[in-house]
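Heads up: the structure comes next, in structure tokens.
Read the figures in this text as sums done on the coordinates, not as results from a lab. Owing to the predicted nature of the structure, the values given are computational and were not obtained by experimental measurement. In this analysis, Cβ positions are derived from the backbone assuming ideal geometry, glycine residues included, and neighbour counts consider all displayed protein chains.
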Ligand SMILES: [Zn+2]
């Protein structure tokens with residue numbers, strides 16, 4: 001007979017889920033990293049294997065080290081193609097039915113990889129998974145890295161517009177991310193507005209660190225279609241109350257990544273995560289992984305952690321996942337199809353599981 005622990009784990013894995021905040025490179029698993037490193041025996045990072053294997057026990061510094069290594073081992077379009085396929089397959093195996101991946105197009109002079117080739121490799125990976133019949137619908141957002149400044153941002157917007165027009169609903173929008181201490185949000189308003197006019201959606205990392213009220217207010221004024229983290233929107237410091245009002249008025253959903261914020265030390269513990277604030281208010285929130293490879297987590301685990309920290313019932317967990325469908329960037333017909341899929345899954349046995357683990 002299946003134990004209680006197993007049946008609870010199975011509930012979260014089989015729960016159909018939507019993932020909207022996943023950076024491609026940060027989502028690469030240890031298994032895929034080893035695969036890539038085996039292809040590059042000359043690299044001097046072979047001795048870092050032990051850190052890759054540390055998984056859950058990785059320190060924050062080791063997490064950053066992982067990012068640096070990842071960039072060294074994903075330098076060719078075929079690497080990007082491989083990691084895209086592997087990441088999609090892992091999300092699918094974790095019960096994710098709809099995924100919006102995001103990544104900064106990167107050029108590598110040494111291998112001749114251009115930003116365009118980078119995006120093409122990602123889209124090829126998505127297409128291949130579709131052809132293989134995986135039960136997951138995948139879309140792509142191009143990321144603007146703050147470190148690149150407004151000139152690079154404009155180029156990224158142009159590239160996104162091209163792919164948006166030429167690839168039927170595969171590229172849906174833009175993400176603004178990267179080191180939040182670098183640059184100022186105001187530098188990106190023009191390219192982001194341009195993207196918006198072209199019909200691209202905006203998912204922006206906002207208020208990841210404290211004392212960014214001015215920048216946050218500017219970015220919220222766009223307004224974005226979704227907010228990444230928004231960890232300090234609710235802080236009492238200064239005059240930030242109006243920021244919460246702005247988010248509520250525009251009804252902007254928040255992408256919340258519990259493990260990433262706890263490991264990244266922007267929140268002291270799971271139970272003190274700002275998920276509680278917005279969820280209690282009935283504001284749309286979507287649980288996401290951010291960087292499942294680097295932070296050694298998956299979306300099932302994130303739902304499980306949120307449920308434990310905030311005493312959510314299995315029915316509430318189900319509703320949280322179902323309501324996430326409303327926040328996707330794909331068209332309303334894609335939304336309806338997902339809603340049907342969720343309802344069918346519930347009708348064909350998931351409702352029994354909801355009551356079974358609801359003790
Ligand atoms: Zn992120």
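Note on 197, 76: ascending count of other Cβ atoms within 10 Å places them as 197, 76, the fewest first. Taking other C-beta atoms within 10 Å as the exposure proxy, 233, 60 rank 60, 233 from fewest upward. Plainly put, the range 1-139 has a radius of gyration that is 1.00 times its Kirkwood radius, both from alpha-carbon atoms, as the Rg/Rh ratio.
Put a dot 7 Å past the Cα of residue 335, heading toward its Cβ, do the same for residue 62, and the two dots end up 4.2 nm apart.
Here 71, 21 are placed in order of increasing Cβ neighbour count within 10 Å, fewest first, which gives 71, 21. Each helix, a run of at least 4 DSSP H residues, gives -39500 (n - 2.57); summed and divided by the residues of the chain, these come to -14500 deg cm²/dmol at 222 nm. In the range 74-124 the Cα-Cα distances spread across 5 Å bins starting at 0 as 4, 22, 28, 20, 13, 8, 3, 1 percent of all pairs. Between residue 49 and residue 5, what is the FRET efficiency for a Förster distance of 22 Å, r being their Cβ-Cβ separation, to the nearest 0.05? Once the sixth-power term is evaluated, E becomes 0.15.
Take the Cβ atoms of residue 155 and residue 193, set R0 to 22 Å, and the FRET efficiency comes out at 0.90.
By its C-alpha gyration tensor, with a ≥ b ≥ c as the square roots of the eigenvalues, how is the range 196-300 shaped: rounded for a/c under 1.5, else prolate for a/b larger than b/c, else oblate? Oblate is the answer for the range 196-300, as a/c is 1.5 or above yet b/c matches or exceeds a/b.
In whole percents, the pair-distance distribution calculated for the range 136-217 from its alpha-carbon pairs, binned every 10 Å from zero, is 19, 51, 25, 6, 0. Once the Cα-Cα distance is subtracted from the 0.36 nm per residue extended length, the residue 31 to residue 184 segment shows a gain of 51.4 nm. Annotation for residue 277 and residue 72: the two label points, set 7 Å from Cα along the Cα-Cβ direction, are 3.9 nm apart. Annotation: extensible slack from residue 218 through residue 131 equals 27.1 nm (criterion: 0.36 nm per residue apart, minus Cα-Cα distance). If the segment from residue 356 to residue 308 were pulled out straight at 0.36 nm per residue, it would be longer than the present Cα-Cα gap by 15.6 nm. Each Cα pair of the range 14-356 feeds into the Kirkwood radius, which the Stokes-Einstein equation turns, at 37 °C and 0.692 mPa s, into a diffusion coefficient of 161 µm²/s.
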